[in-house]
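Enquirer: One structure is given below, represented as structure tokens, and several questions about it will come after.
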Amino acid sequence: MSNFGFLQDSFPNLAETAEGAERLVYVHPQAALMCARQSLESLVFWLYQYDKKLSQPYDASLHTLLGQADFKALVPTYVWDKMDVIRMAGNQAVHGKSFNKIKSEEAPTYIRHLFLIYTWFERNYGSPTKDRSQPSLFNPALIAKARDSEQVQASQEQLQQQAKTLEQQFKAKYDALRVQEQQLLELSASLEEREKLLATIDADLAQKRQQVEQAKLANSGVPDLTDYKESETRKLKIDLMLKEAGWDFGSNIKIEVPVTGMPSAAGVGAVDYVLYDADGLPLAVVEAKRTSVDPANGQQQAKLYADCLTGRPVYSVD
């Protein structure tokens, strides 16, 4: 049993990559995050290949593919942010200073967000005949527990090599259509044969894209009641961005820092993140409250928190 079993009927290859990440959660958390990133790459490549609203850029890196304007227009922000979280977490698992510091109890959180990414994907691109009237729920009990004898001790160098191999495999898939077309051109004996072969390739791809578009249209009428954990995604993303910038949660960052002097009845509050300088003095405030309704509200609250500390700079994140 797996949380990703719902992908098996329509998307078995994607299911395999996601289930592979899930199986490693308690065996080796770092490898699980790396495989989650690879699974995301496979999903993004699928979208670029079969959704006619997307145009493949020359650069096949995941960062570039996620950042394309047409891709960000296609994918809802609450899903795109999860994709970026998986990308950053996978990178840090292999290359970051936190290697071998990721705890097995942390990894299920990222796998749950991978599950929610695939939930959105399957609800939009899966078979229209499937019943999706109920919200999709992640079940942590389906993640296999590792026995002591199964614990894997992989070095950072080994995981980096695995990541490099996966990147190469992804790029090979990305270039497959172009290479295939070129080979067919070279093998064709005449211009007429070339045109027929290319027409067949184009027709097959066009047919698949049309089927995908029809599935999307049919599925669009079904309400999605799934809780996509947007607030949790924001926190994960901020944590990862701060780590990427070199901040250390064990030394120069504190979370939920209590402050007094707030203009409220209780006069107290809690700052989401406080960044400290080398002398241990507050350097900046990062406020992660949702500001989609009115960004000014979040900025004002962050300013009040900063004033209660030392009047340091404010950073408001939505």
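Values quoted throughout were computed directly from the atomic coordinates according to the rules given, and no laboratory measurement underlies them. Keep in mind that what you see is a predicted model, and the values were worked out from it rather than measured. Glycine gets a Cβ as well: all are built from the backbone with ideal geometry, and neighbour counts include every protein chain shown.
Enquirer: May I ask you to derive the FRET efficiency for LEU217 and ALA144 from their Cβ-Cβ distance with R0 = 45 Å, giving the value to the nearest 0.05?
Expert: Given R0 = 45 Å and the Cβ-Cβ separation, E is 0.75.
Enquirer: Need one word for region 1-54: rounded, prolate or oblate. Basis is the Cα gyration tensor (sqrt eigenvalues a ≥ b ≥ c); a/c below 1.5 gives rounded, then a/b vs b/c decides.
Expert: Working: a/c = 4.09, a/b = 1.61, b/c = 2.54.
Because a/c hits 1.5 or more and a/b fails to exceed b/c, region 1-54 counts as oblate.
Enquirer: Net charge around ASP51, counting only other residues with Cβ within less than 15 Å of its Cβ (Lys, Arg = +1; Asp, Glu = -1)?
Expert: Every neighbour counted, the sum reads +4.
Enquirer: How high is the FRET efficiency from GLU232 to MET1, r the C-beta distance, R0 22 Å, rounded to 0.05?
Expert: Values: r = 24 Å, r/R0 = 1.10.
Efficiency for this residue pair is about 0.35.
Enquirer: Another question, then. Would you mind checking the pairs LYS72/LYS243; LYS208/LYS237; LYS52/LYS145; LYS72/LYS145; LYS229/LYS303; LYS130/LYS243 and listing those with alpha carbons more than 31 angstrom apart?
Expert: The answer is LYS208/LYS237; LYS52/LYS145; LYS72/LYS145; LYS130/LYS243.
Enquirer: Further, regarding this structure: What per residue convex hull volume, in Å³, comes out for region 1-123 when only alpha-carbon positions are used?
Expert: Per residue, the Cα convex hull of region 1-123 comes to 97 Å³.
Enquirer: Sticking with this structure for a sec: What FRET efficiency comes out for the pair ASP277/HIS63, r = Cβ-Cβ distance, R0 = 35 Å, nearest 0.05?
Expert: Efficiency, from the Cβ-Cβ distance: 0.70.
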